[in-house]
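Q: This is the structure I want to talk about, given as structure tokens.
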Amino acid sequence: MDNKRFEQLLLSVQKPGRYSGGEINSVVKDKKDIDVRFAFCFPDNYEVGMSHLGMKILYSQFNERKDIWCERVFAPWPDFEAVMRQNNILLFGLESREPIKDFDFIGFTLQYELSYSNILNMLELSGLPLLAKDRKDFTPLVVAGGPCTCNAEPIADFVDIFFLGEGEQSDLEVIDLYKKCKKNGKSKKDFLIEASKIEGVYVPSLYDVSYNDDGTIEKITPKENAPMPIRKRIETDLDKTYYPEKFVVPYIEIVHDRAVQEIFRGCIRGCRFCQAGFIYRPVREKSVETICRQAKAICESTGYDEISLSSLSTSDYTKLEPLLNDLLDFTEKDKISLSLPSLRIDNFSDELLEKINHVRKSGLTFAVEAGTQRLRNVINKNITEEEIIRTCKTAFAGGYTAVKLYFMMGLPTETYDDIKGIADLAQKIVDTFYEMPNKPKGKSVSVNISVSNFVPKPFTPFEFHPQITREEIVAKQQYLKECIRSRKITFNYHENKTSFLEGVFARGDRRLSAVILKAHEKGCKFDSWDEYFDLDKWNEAFAECGIVPEFYANRERTYEEINPWDHLDYCVSKGFLIKENEQAKLAVTTPNCRQKCASCGANVFGKGVCFEKR
Amino acid sequence: MFSERVFVLKSVRLLFTKSARARFVSHLDINRFMTRIVRKAKLDIWYTEGFNPHPYITFALPLPLGFEGKYEIMDIRINDDNAPLGEIVDKLNSVCPPDIRFFDAVEPIKKVGEIGYATYDIVFDDNGNVAQKLKEFIGKDKIVTKKRTKKGDYKEIDIKEKIKAFDIGVVGNETKLSLVLPAGSDDNINPALLIDSFYNDFNDEYYCYTVTRTSILDKNMEKFI
């Protein structure tokens, strides 16, 4: 297709800026200087994908190599997809506008389970066979990384290589091996066997899975001397880890339209529901100097007037005060606003509030997660009601009038008392506001409670628990609505259908590949978007494949059962998860990593919080 | 009433082109893009003094999405009265993507309200007879079409009487329709109206085309600067 015709078609769709490319800092290279072309695919739309930090890191890291050209690819929105199909436009890289089927690598990032159908759709739009075994040519190789690779078994049939853990090193090692194998005329199979020996590389086709009569897994068997288990890869020294000095700056407005500066990886807290808190262990911090240097460089290269610190829990950064002092030094001078997401209630000091006051004042958001102390102890969210109220007082005294609270519904051991506790807590915050003599004058308070549905995830102490059924969720949501008495409280909750599918995939096995393929054929895509999600189609797909989804989502698992992800080693031992689950049942909390080591197993890397002086 | 600081703010009119991939950038997005570019270029630009200070940037005439622009105008204010204007252009170009290029910086002479017309080139991929069809079409006494008003409803207008001047020429495989149409706050005609109307009349064949706004004129048909 010639460029003129292509551009004319672009003008017929919504937001052509999603597909036009040419943004600040996007990288265009001369093909003839390139050995390896890499299509970095985000299986959601441009606005979501461009907000993702991991893509920015790897895009820049790859493109810094002279022999690699990495381009960006996003899932085309259905209006443009229709245009593509009508005019036989194959899925292309934004930079070159050339079909990615001619690239060496097609890499997907797996950020959430509900993007799986989009991966199939994107492969189809590329003109490639969907199943890995049907792609006989050496290239393109379909690879995937990101948090969901800790159990990406549901898409194992479509992917050649999974990267476990952090990809900065294993990606490049695989690319180098690929160059060597291609030069020496090796086959795809030989290459995959070689690649499986690289730490952090999981080649699903090299493992056979057999099943018991009751549907559980009997055995996972490696072939061709593939490693067992396969251990995740991490960066051990974040001060030496690659971090981009440039981000591509989109023209169109995206979800997180600002510079992002990572400050540490991992989380010390060990909240038992939180997968990120376990799979990114151990905690590794960047130094204040590194953060300031990198943050400054990014602001200068992008022109962004806002920078956000990124981590799982900003206020757990050990040198937060000196960091903020140093950052504010240049952000105030350059009129850059600094935002601090992921603050915890228990170490939210007056000083910190004052620092944030230097920058833009918006609402405050706290993740309380559960309505009663008992349930907060079960999930190991070590914050007390007293701390919540105290923090709200501090915030109100500082001029804030809007508080947003995050909760979850469907947590293990949850009762209706715990649900009522959510409404009670919100009411107490409202009352606190009106009891304060120094409350902001002439203003009303607003407490927004946002309740999501808990989905048990692999590598968490709750991986053994059944997800509650959709009927139970509806009943609990209804009950909570009835418990709320004040008009100062607003209640937001999630559609429960998507949580169910997420729950199925999160702990699913390879047999789900057939279901995903079937659902794709029925037109399922953009499942995380309410306007496109169609549970009926998914249910048809499950039925036609003879698979009962509740088997994956709503079943209690024994400690002895072999899980679909048991051959993957994320360096948190199953023994530790079992111990934590038992503690949860007793509503006993576990101290955080800085207080006391809980012996999860993450110390095998010899670095990070495990070796800090306590 | 009295301020300790004395500001000598200098208004600077920047001229730039918008081509190739940049034509998919909407006016709203160009606005945001320019605030980033002036920051990136480290211009000593004047910031608004409200609660959220931002660089003060205004545009003379928004360019519709999909159009190329050869004579786009953006006004800024700089703090240093003595800053050489040529340097500003170089600084901006060094940080801009290739599809947006600055070519001049001047002190504004005319006010934005004096804008009266704009000139456009519409280039069609020709298969030999689009020129003839265009001549037929533009030769009509009236070209009546519907235009959306600011209120959101549609009113009928005759574009023919709005066309100040036009020219049709064929070069190689391309046919170029050049137009002068009213532009600015009083009366503004988007050439897309004319093209849509043209395709309504001749809906048998479709030719790819690109629209370029080549210049902005004042009410006396002189270059707006």
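Q: Between A:V28 and B:Y154, take the C-beta separation as r, use R0 = 35 Å, and let me know the FRET efficiency to the nearest 0.05.
A: 0.25
Q: Run the count for region A:487-539, please: Lys pairs, Cα-Cα under 13 angstrom, 8 or more apart or on different chains.
A: So the count of such lysine pairs works out to 4.
Q: Inside 10 Å of the C-beta atoms of B:36-46, what's the mean count of C-beta atoms belonging to other chains?
A: Mean shielding count: 3.
Q: Now a separate question. Residues of region A:23-48 that become at least 20 Å² less accessible with every protein chain present than in their own chain isolated, using 1.4 Å: which are they?
A: Residues of region A:23-48 that lose at least 20 Å² of accessible area once the other chains are added: A:I24.
Q: Could you list which residues have their amide H under 5 Å from that of A:V283, counting only those 5 or more apart in sequence or on another chain, with H placed in the peptide plane?
A: Placed amide hydrogens put A:C267, A:V609, A:C610 under 5 Å from A:V283.
Q: Can I ask one more? Pop a pseudo-label 7 angstrom from the Cα along the beta-carbon direction at both B:A83 and A:E253 and give the gap in nm to one decimal.
A: About 2.7 nm, to one decimal.
Q: Leaving out ligands and nucleic acids, and using a 1.4 Å probe, what accessible area per residue does chain A come to in Å²?
A: 38
Q: Something else: Mind grabbing the interface size between A and B? I mean buried accessible area, both sides, 1.4 Å probe, in Å² to the nearest hundred.
A: Looking at A and B, the buried total is near 2600 Å².
Q: With each pseudo-label sitting 7 Å past Cα toward Cβ, what's the A:Q595-A:E471 distance in nm, one decimal?
A: 4.0
Q: At 1.4 Å probe radius, can you tell me the per residue accessible area of chain B in Å²?
A: Per-residue accessible area for chain B comes out at 52 Å².
Q: Further question: Using alpha carbons only, how many degrees (0 to 90, rounded to 10) separate the axis of helix A:288-302 from the longest principal axis of chain A?
A: Roughly 60 degrees between the two axes.
Q: Taking 50 Å² as the minimum loss, tell me which residues in region A:294-325 lose that much accessible area going from the chain by itself to the full protein complex (1.4 Å probe).
A: The answer is A:E300, A:G303.
Q: Same structure again: For region B:10-106, just list the percent of Cα-Cα distances falling in each 10 Å bin from zero outward, please.
A: Each 10 Å bin holds this share of Cα pairs: 16, 54, 27, 4.
Q: Is the C-alpha gyration tensor of region B:78-225 telling us rounded, prolate or oblate? Criteria: a/c under 1.5 is rounded; beyond that, a/b larger than b/c is prolate, otherwise oblate.
A: prolate
Q: Let me ask something else. If R₀ is 35 angstrom, what is the calculated FRET efficiency for the pair A:E435 and B:F51, using the beta carbon separation as r and rounding to 0.05?
A: In this case the efficiency is close to 0.75.
Q: Related question: Report the label-to-label distance for A:S444 and A:N88 in nanometres (one decimal), using points 7 Å from each Cα along the Cα→Cβ vector.
A: With each label placed 7 Å out from Cα toward Cβ, I get 6.2 nm.
Q: Can you tell me the Rg and the Dmax, both Å, for the Cα atoms in the protein assembly as shown?
A: Radius of gyration, then largest Cα-Cα span, for the protein assembly as shown: 29.7, 88 Å.
Q: Taking every DSSP beta bridge that has both residues in region A:3-231, what percent is antiparallel when rounded to the nearest 5?
A: Rounded to the nearest five, the antiparallel share is 30 percent.
Q: Could I ask something else about it? Which residues in region A:25-69 have a backbone N closer than 13 Å to a point placed 7 Å from the Cα of A:K183 along the Cα-to-Cβ line?
A: The answer is A:35-36, A:67.
Q: Tell me, which residues of region A:246-261 get at least 50 Å² less accessible area when the other protein chains come in, versus the chain alone (1.4 Å probe)?
A: Residues passing the criterion (a loss of at least 50 Å², heavy atoms only) are A:Y251.
Q: Pull up the cross-link candidates among the aspartates and glutamates for A:K481, meaning alpha carbon to alpha carbon under 20 Å and not fewer than 8 places away within one chain.
A: Cα-Cα hits under 20 Å: A:E369, A:E414, A:D417, A:D418, A:D424, A:D431, A:E471, A:E472, A:E495.
Q: May I ask for the angle, rounded to the nearest 10°, between helix A:496-506 and the longest principal axis of chain A, with both axes built from Cα atoms and the value confined to 0 to 90°?
A: That helix lies at roughly 60 degrees to the long axis.
Q: Please give me, ordered by residue number, the GluC sites (Glu not before Pro) of region A:561-614 that lie in loop per DSSP and have at most 15 other Cβ atoms within 10 Å.
A: A:E561, A:E612
Q: Carbon and sulfur: what percent of chain A's accessible surface (1.4 Å probe)?
A: 49
Q: If you don't mind, there's one more thing I want to ask. Carbon and sulfur together cover what percent of the accessible area of region B:10-106 at a 1.4 Å probe radius?
A: Answer for region B:10-106 is 53 percent, counting heavy atoms of protein chains only.
Q: Using only DSSP helix segments of four residues or longer, with each worth -39500 (n - 2.57), what per-residue ellipticity at 222 nm results for chain B after dividing by its residue count and rounding to 500?
A: My calculation for chain B gives -6000 deg cm²/dmol from helical runs alone.
Q: Test of understanding: what is the full-extension gain from A:W529 to A:E199, defined as 0.36 nm times their sequence separation minus their Cα-Cα distance?
A: 115.3 nm
Q: Arrange the peptides B:145-151, A:382-388, B:120-126 so that the one whose residues have, on average, the most other Cβ atoms within 10 Å appears first.
A: B:120-126, A:382-388, B:145-151
Q: On average, how many beta carbons from a partner chain sit within 10 Å of the beta carbon of a residue in B:16-23?
A: 3
The values are calculated or read from the model by the stated rules, or taken from the named source; none is laboratory data. For clarity, every value in this text was computed on a predicted model and none was experimentally measured. Because the Cβ atoms are built from the backbone with ideal geometry, glycine has one as well, and the counts that use them run over all protein chains shown. We work out accessible area using only protein heavy atoms, side chains counted, and drop any ligands, DNA or RNA first. Shrake-Rupley method; radii C 1.70, N 1.55, O 1.52, S 1.80 Å.
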